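The values are calculated or read from the model by the stated rules, or taken from the named source; none is laboratory data. Computed from a predicted structure; not experimentally measured. Because the Cβ atoms are built from the backbone with ideal geometry, glycine has one as well, and the counts that use them run over all protein chains shown. For accessibility, only protein heavy atoms count, side chains too; no ligands or nucleic acids. Shrake-Rupley method; radii C 1.70, N 1.55, O 1.52, S 1.80 Å.
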2 protein chains.
Amino acid sequence: MTGPDASPSAPEHVVAVDVGGSGARLVAVPLRRPSGSDGDGALALTGRPVRITAAGSDAADVVAELVGDLLRLHPGVRVSAAAASVTGLPSLVPDPEALHDALRGAGAATTAVASDALAAHLGALGGRPGAVAAVGTGAIVLATDLHRRWHRADGWGHLLGDLGSGSWIGAHGLRAAVATHDGRPGPTSPALLAAALERFGPVDGWPAALYGRPDRAHLLASFTPAVADAARAGDLVATQLLRDAGTHLAESLAAALRPGIPPLAAVTGGIVGVGDAVTTPLRARLSALRPDVRLVPADGGPLDGALRLARSLAEHRPGDGTLVEPYAPWLTVRPAGAPAPPTAPPTTPPTAGTPAGKETSAHER
Amino acid sequence: MTGPDASPSAPEHVVAVDVGGSGARLVAVPLRRPSGSDGDGALALTGRPVRITAAGSDAADVVAELVGDLLRLHPGVRVSAAAASVTGLPSLVPDPEALHDALRGAGAATTAVASDALAAHLGALGGRPGAVAAVGTGAIVLATDLHRRWHRADGWGHLLGDLGSGSWIGAHGLRAAVATHDGRPGPTSPALLAAALERFGPVDGWPAALYGRPDRAHLLASFTPAVADAARAGDLVATQLLRDAGTHLAESLAAALRPGIPPLAAVTGGIVGVGDAVTTPLRARLSALRPDVRLVPADGGPLDGALRLARSLAEHRPGDGTLVEPYAPWLTVRPAGAPAPPTAPPTTPPTAGTPAGKETSAHER
């Protein structure tokens, strides 16, 4: 199956899409590098962040928009497989099939829809089993052997968890700023208050600036660089916050690294850029909780993971050496030739079922 | 000035409205009890909760709806003064003048718009100066001598503060539940997890149930009774949460009780119903921080405070023995005969200005 205007002589591509809370990206990469080609022939596009409403996430619309852009800008592109990494998939995407439909719009015969946690895992550990903490605006740990065992820790969003994430650090930094402003007893941080005043104006305006916005978690996370700056300048409250963030992330990794998961771990996402102030206490706490676990640098990000997935789909038949076995909600695959299923709305959330023969995941005990 | 169909022989009433995050109430009370009357002649109505959107709070619409109900159900009512207690007034109400307009719709000559923190203060301390913690879904402390000194602590909402409030307790209870579910290291609370599962269904559905809703703080606060139940049944995590809530509230009171404020304090709102598990540690911490402060039971709630305010407006001229001196944003008064000001949108938030001759409040240092 190819796009409507695809030329049979055009090189076959695989498409990967990463849909996140701060933006979306699409890459189309030749399945085999064309002979005599200079560049790598990759096409790259960017799109808007996903929106979360009462009806859930509109990730399928973001994918459809990017695929539409791809076909408009490169009408001759031939796509053999496409994979999407989608934020909030385990909880907030109302219908993963709509995402498959959107990907199939690119002309892909085979499509895969992965949670960003799984795509981050595939990107960070390059297809090796283990645990990956994906930490940007939010924080989720997925520990899996990529076949039978799937354990999740955290990823519950800024009101329920995401401990140690950008939104967690930013929220706690702003709480320290208002506590300082109010003159509460206890440690104060004039540095965080000054930084917050500079970014958000007078304190009286912060509630109005924050509560009416749909992207509250992202706004909270936008204060994390200021917390990192304050810590670098010696602010004790900021330093302690980053230390607590590292500790929380180590504890999320330890919670997910259940028996049967190889003791290999990585951390990926924007938190890595905050540096040693988070990663040193993370390493120390993980080493105390699980001295057997090897913490390695991440190979790549969720877009790399989605691309690895798309390439695996293009090169293998299901069950024949594929990278990872489909397991809803982390990963669903629609194979070549499969019709779209009937579009009746699901009566249970996509995470409610546990496929027979699988180990129960942490949240189904 | 009286309502269009008001009968000159009907008793004069004062009207009080309380607009909150979980509902609204209006009472109209005879200014003087009619001779030979059996009951107290009071009229009472209820309305919907305020909605917070990107444009701010729609409190003026709630007041207009209640006033419309009053005039429809009691077309002959004569209203001499009306006062509203409005949640979120310091930060989230875009235009307090719209609230005066809505109150004037009842036929009131004189209108007052008070922050719920001030109305709670007037209700709890009955017009005495001191500090009042108004603690329901949110938590704010207002310390004032009702004339020159105004100090606020907290009231920043569930993402930035409201420490010790219903939303704070509920959020922390749910965080303990998901931490238990995830199997994180540290104290766990099977009781809170069981209570949360019973109320909100499987954990996987909690993010979707919470993040898309406009009333997130209220939903978080709805879990507070379950935390109180768990504490009563001996759950250590729940007990510690309530202890921390009491400590936070004492620290908010201490932060607001600046020099010049008489050392008198009260706590009002739904938190009082949680009982000793919160109030004992609150009392202990306040006594440690400020042994001179006398903590007294609250006389009444914000509707009582608004009624006291309306009655004061009906019985006194401004500056002549009035209960409290107007000070935006805590209190604005539109006197009899004053025209509505031009309705050009304000270019600065209503809290930005400090009237000349006032002590700066805590948030304008």
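The table below gives the values:
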| quantity | calculated |
| --- | --- |
| Output for the stretch B:274-286, where each listed residue is more than 14 Å from chain A (Cβ to nearest Cβ), crowded, with 19+ Cβ neighbours inside 10 Å and among the basic types (Lys, Arg) | none |
| Residues of the stretch A:254-273 classified as open to solvent by less than 30 Å² (accessible area, probe 1.4 Å) and away from chain B (no Cβ under 14 Å), total | 6 |
| Qualifying residue in the stretch A:356-363 (condition: at pLDDT 90 or above, small (Gly, Ala, Ser) and either in contact with a Pro (Cβ under 7 Å, 6 or more places away or on another chain) or part of a helix (DSSP H, G or I) (or both)) | no |
| Filtered residues of the stretch A:164-180 (kept if surrounded by fewer than 24 Cβ atoms within 10 Å (Cβ to Cβ) and not hydroxyl-bearing (Ser, Thr, Tyr)) | A:His172, A:Arg175 |
| Any chance B:Leu210 is at pLDDT 95 or above and within 13 Å of chain A (Cβ to nearest Cβ) | no |
| 2 or more residues of a type in the set (Val, Ile, Thr): qualifying helices (runs of 4 or more DSSP H) within the stretch A:159-252 | A:166-182, A:224-232 |
| Extreme residue, nearest to B:Arg175 (Cα to Cα), among residues of the stretch B:213-239 that are within 8 Å of another protein chain (Cβ to nearest Cβ) and basic (Lys, Arg) | B:Arg216 |
| Tally of residues being open to solvent by 10 Å² or more (accessible area, probe 1.4 Å) and more than 10 Å from every other protein chain (Cβ to nearest Cβ) across the stretch A:145-161 | 4 |
| Residue check for B:Leu142: open to solvent by 20 Å² or more (accessible area, probe 1.4 Å), in contact with a Lys or Arg (Cβ under 9 Å, 6 or more places away or on another chain), hydrophobic (A, V, I, L, M, F, W, C) and on the phi < 0 side of the Ramachandran plot | no |
| Tally, over the stretch A:215-253, of residues that are more than 18 Å from A:Gly161 (Cα to Cα) and either open to solvent by 30 Å² or more (accessible area, probe 1.4 Å) or in contact with a Gly (Cβ under 9 Å, 6 or more places away or on another chain) (or both) | 14 |
| The stretch B:53-66, subset open to solvent by less than 60 Å² (accessible area, probe 1.4 Å) and facing another protein chain (nearest Cβ under 10 Å), residue modelled with the highest pLDDT | B:Ser57 |
| Which listed residue is under 20 Å from A:Ala143 (Cβ atoms) and of a type outside the set (Phe, Trp, Tyr), from B:Ala179, B:Ala195, B:Ala171 | B:Ala179 |
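This table checks each residue for (1) within 20 Å of B:Gly155 (Cβ to Cβ); (2) of a type in the set (D, E, K, R); (3) without any contact (Cβ under 8 Å) to a residue 40 or more places away in the chain.
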residue	(1), (2), (3)
B:Val227	no, no, no
B:Thr239	no, no, yes
B:Ala245	yes, no, no
B:Arg258	yes, yes, no
B:Gly269	yes, no, no
